[in-house]
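Input: a single structure, listed below in structure tokens.
The values are calculated or read from the model by the stated rules, or taken from the named source; none is laboratory data. All of these numbers come straight from a predicted model, not from anything done at the bench. Here the Cβ is made from the backbone with ideal geometry for all residues, glycine too, and neighbour counts use every protein chain on show.
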Amino acid sequence: MAKMMYRDAVVTTIAEEMERDENVVVLGEDVVGGMGTPGGPEAIGGIWSTSTGLYGRFGADRVIDTPISESAIMGAAAGLALSGKRPIAELMFADFIGVSLDQIWNQIGKFRYMFGGKTKCPAVIRMAYGAGYNAAAQHSQSVHQILTGMPGLKVVMPTTPADVKGLLRAAIRDDDPVIFLEHKALYGVSGEVPDDKDYMIPFGHARLSRAGQDVTIVSTGLLLGFCEAVADKLAAEGIGCDVIDLRTTSPIDEESILDSVEVTGRLVVVDEAPPRCSLAADICATVANKAFASLKAPPQAVNPPHTPIPFARELESAYLPSADKIEAAVRKVLAYR
Amino acid sequence: MQLSREALLRAYRQMKVIREFEERLHVDIQTGEIAGFTHLYCGQEAVAVGVCEHLSVEDKIVSTHRGHGHCLAKGCDVNGMMKEIWGSREGLCKGKGGSMHIADVDKGMLGANGIVGGGAPIAVGAGIAAKIDGNGHVSIAFSGDGACNQGTTFEAMNMAVVTKAATIFVFENNHYSEHTGFEYAVGTTRDIASRAEAFGMKVWRGDGTDFFSVFETMREVLEYVRVPGNGPAAVEFDTERFFGHFEGDPQRYRGPGELDRIRELRDCLKNFRKSVTDAKLLDHADLDALDAEVLEAIEESVRQAKAAPRGTAEDVLTDVYISY
């Protein structure tokens, strides 16, 4: 085990996979950085430092710095994947799916089915998502609800550095397209990471980060830490929470959620995306459908309000689900009847 | 360069297969037995065949919603295609793609595309892959005069230049983007190749109703793009669309006598026949024999498509990752 930051787990895993398989290539805006400048290549190794050093190790053919052309980046990833490569395309901000959505939604996600199963499309699309940086409405969003709703895509949302390693490696080796969502506010978080260069976490297997008998809390990403803090606080009062880190939203580990709710009878889903048609709403509906008899209280969803993400510090703080809001939701399900 | 008798016969046959495939679809669609939207390639055969006769299976093409011609020219199976369009589970894409999404990656055919402008970025990826492998293979992005106005096409052209992708942008100007005239919709110079030129590409132009013009132009284009390091190029072929945008299109935008005129003067098959018989390279009997053979092949493909098994509810759930 080695201790490393979330962002270093990204670049380390990419490098290990590029070492292992020459078909793995990286492309995106500023993934090399500095091309065509007096500072020269690698003057910046990606704005998130998630591709630092790759160009020097693997060269321009495999680390492809692109113009600001998100459709062309996603399209190129599609064409590379159909031509025997394993592209890892970086979308600098998840919000930029807007300008490239056709290639993700209508092309990459549909090839295998639309072409009758005769092709695979092993593309990984990495993107930085999430609020907390006062980056406002176009650079802070959580886009998993949009992408999880698209058939043909797998959607991964790691919370810990170890999960980055296990899930990113699984994504790169997967023959289907995988959306890999990295939370901006987690890039600097450190954790123990397995050294094994084949360490992989299969998709659709949630992680139980806290165990308890009274309430099930489901989340992932930045907000999972808030949920853990709430669970730890309530544990001191003798209230036990199962805190489930989904890890992937497509596939989703329905079984772990249902098993937990069958014991606790109470569900709180904490989701950074807007409330309507959300992951939280989807999970609440699934539990209502499949574990109705176990429920002791109506499932609660904790989402931001249905607004664009505001800029100012106090506005963004008010917008985001907080530990207080999560705790209030947990107490609400506990107090029911 | 003079083509061999075999090459001439093959080129004619390829064009004729596309022509009869489309003419037959035009008839069968009117019976209501074929579902969905169909966009016929009739009239543009010289482009698909003039391009693809130069390609190996290692070369990749990305096509358009008007893609039957490109698929057939690149080697997709006629019977598999007809079954696909009829919606059989024995179709090239098991009846899951249909007319607008026919693909056969093993043949280097990376897909027709229901999204206008969707294909060019994908071709750039294939062109980057070819560049990385350094083996002289290329990718072709077929686009029409409609797709040439999409931002994705511009992004793709710039990206190809920047990455030196081995990609050729083949623009087929059939004068209509759906139901709107080229002279209206393509602004500024009313010329597509010059746009590619503005991105820094070498460009060529040719007559898309003349197989020999397309074939000889593409020989030059391919000689250039197959040299590793040269990067992309573009070519514009002026051509004609004999049918509407989609089957059922009343084509009220056409001028008086326009369809008769282009069928008379701008038919690549008639032009080919005249060229090769005038030059005594082939005689009418050779071509007539091919005509009969192709007609029978198309008839057979329809017979097979009508009799082929249909998909089931279980088939809906295969060939895709599903989590519910």
*asked:* Among the residues of the stretch A:158-167, what is the count of those that are crowded, with 24+ Cβ neighbours inside 10 Å and either within 14 Å of chain B (Cβ to nearest Cβ) or among the polar types (S, T, N, Q) (or both)?
replied: 1
*asked:* Based on this model, can you work out whether B:LYS274 counts as of a type outside the set (A, V, I, L, M, F, W, C), modelled with pLDDT of 95 or more and not in a helix (DSSP H, G or I)?
replied: no
_Unmet criterion (only one of (1) more than 9 Å from every other protein chain (Cβ to nearest Cβ); (2) surrounded by 24 or more Cβ atoms within 10 Å (Cβ to Cβ); (3) touching a strand residue (DSSP E or B) at 6+ places or on another chain (Cβ under 8 Å)) for B:PHE182_ = (2)
*Any idea how many residues of the stretch A:299-324 are touching a Cys at 6+ places or on another chain (Cβ under 6 Å) and among the small types (Gly, Ala, Ser)?*
1
*Among the residues of the stretch A:36-61, how many are more than 24 Å from B:GLY119 (Cα to Cα) and more than 22 Å from the chain's Cα centre (by Cα)?*
17
*Output the residues belonging to the stretch A:63-76 that are more than 12 Å from B:GLY118 (Cα to Cα) and at the interface with another protein chain (Cβ under 7 Å from one of its Cβ atoms).*
A:ILE64, A:THR66, A:PRO67, A:SER69
*Just checking, which of B:GLY144, B:GLY117, B:GLY95, B:GLY136 is on the phi > 0 side of the Ramachandran plot, surrounded by 24 or more Cβ atoms within 10 Å (Cβ to Cβ) and small (Gly, Ala, Ser)?*
B:GLY117
*Selected residue (only one of B:GLY43, B:GLY67 is surrounded by 24 or more Cβ atoms within 10 Å (Cβ to Cβ) and farther than 19 Å from B:LYS83 by Cα)*: B:GLY43
*What number of residues within the stretch B:12-40 are within 12 Å of B:VAL302 (Cβ to Cβ) and either surrounded by 23 or more Cβ atoms within 10 Å (Cβ to Cβ) or touching a Pro at 6+ places or on another chain (Cβ under 9 Å) (or both)?*
2
*From B:LEU295, B:LEU259, B:LEU222, grab the single residue that is free of Cβ contacts under 8 Å to residues at least 40 places away in the same chain, hydrophobic (A, V, I, L, M, F, W, C) and more than 30 Å from A:THR148 (Cα to Cα).*
B:LEU259
_Subset of the stretch A:260-298 (residues that are among the charged types (D, E, K, R) and either touching an Asp or Glu at 6+ places or on another chain (Cβ under 8 Å) or surrounded by fewer than 16 Cβ atoms within 10 Å (Cβ to Cβ) (or both))_ = A:GLU262, A:ARG266, A:ARG276, A:LYS290, A:LYS296
_Show the residue pairs meeting these rules: Cβ distance below 7 Å; 6+ apart or different chains; first residue within the stretch B:89-117 and in contact (Cβ under 8 Å) with a residue 60 or more places away in the chain; second residue of a type in the set (A, V, I, L, M) and assigned to a loop (DSSP other than H, G, I, E, B)._
B:GLU90/B:ALA308; B:MET100/B:ALA112
*Meets criteria (in a strand (DSSP E or B) and either closer than 16 Å to A:SER100 by Cβ or over 23 Å from the mean Cα position of the chain (by Cα) (or both)) for A:ILE64*: yes
*When you look at A:PHE93, is it in contact with a strand residue (DSSP E or B) (Cβ under 9 Å, 6 or more places away or on another chain) and aromatic (Phe, Trp, Tyr), yes or no?*
yes
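The rows are residues; the columns are (1) in contact (Cβ under 8 Å) with a residue 24 or more places away in the chain; (2) outside any strand (DSSP E or B); (3) within 11 Å of another protein chain (Cβ to nearest Cβ).
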{"residue": "A:ALA43", "(1), (2), (3)": "no, yes, no"}
{"residue": "A:THR50", "(1), (2), (3)": "yes, yes, no"}
{"residue": "A:GLY56", "(1), (2), (3)": "no, yes, no"}
{"residue": "A:ALA78", "(1), (2), (3)": "yes, yes, yes"}
{"residue": "A:VAL99", "(1), (2), (3)": "yes, yes, yes"}
{"residue": "A:GLN103", "(1), (2), (3)": "yes, yes, yes"}
{"residue": "A:LYS118", "(1), (2), (3)": "no, yes, yes"}
{"residue": "A:CYS121", "(1), (2), (3)": "yes, yes, yes"}
_Residue that is farthest from the other protein chains (Cβ to nearest Cβ), among those in the stretch B:130-167 that are of a type in the set (Gly, Ala, Ser) and part of a helix (DSSP H, G or I)_ = B:ALA147
*If we keep just the residues of the stretch B:285-314 that are surrounded by 11 or more Cβ atoms within 10 Å (Cβ to Cβ) and either over 21 Å from B:GLU33 (Cα atoms) or touching a His at 6+ places or on another chain (Cβ under 7 Å) (or both), which is nearest to the other protein chains (Cβ to nearest Cβ)?*
B:VAL294
*asked:* If A:ALA229 satisfies all but one of (1) surrounded by fewer than 23 Cβ atoms within 10 Å (Cβ to Cβ); (2) at positive phi, what's the number of the condition it fails?
replied: (2)
*Within the stretch A:8-15, can one find any residue that is in contact (Cβ under 8 Å) with a residue 24 or more places away in the chain, out of contact with any strand residue (DSSP E or B) (no Cβ under 6 Å at 6 or more places or on another chain), part of a loop (DSSP other than H, G, I, E, B) and not hydroxyl-bearing (Ser, Thr, Tyr)?*
no
*Does A:VAL143 meet the test of being more than 14 Å from chain B (Cβ to nearest Cβ), out of contact with any Ser or Thr (no Cβ under 9 Å at 6 or more places or on another chain) and not basic (Lys, Arg)?*
yes
*B:MET218 being of a type in the set (A, V, I, L, M, F, W, C), within 24 Å of B:ILE128 (Cα to Cα) and out of contact with any Gly (no Cβ under 7 Å at 6 or more places or on another chain)*: no
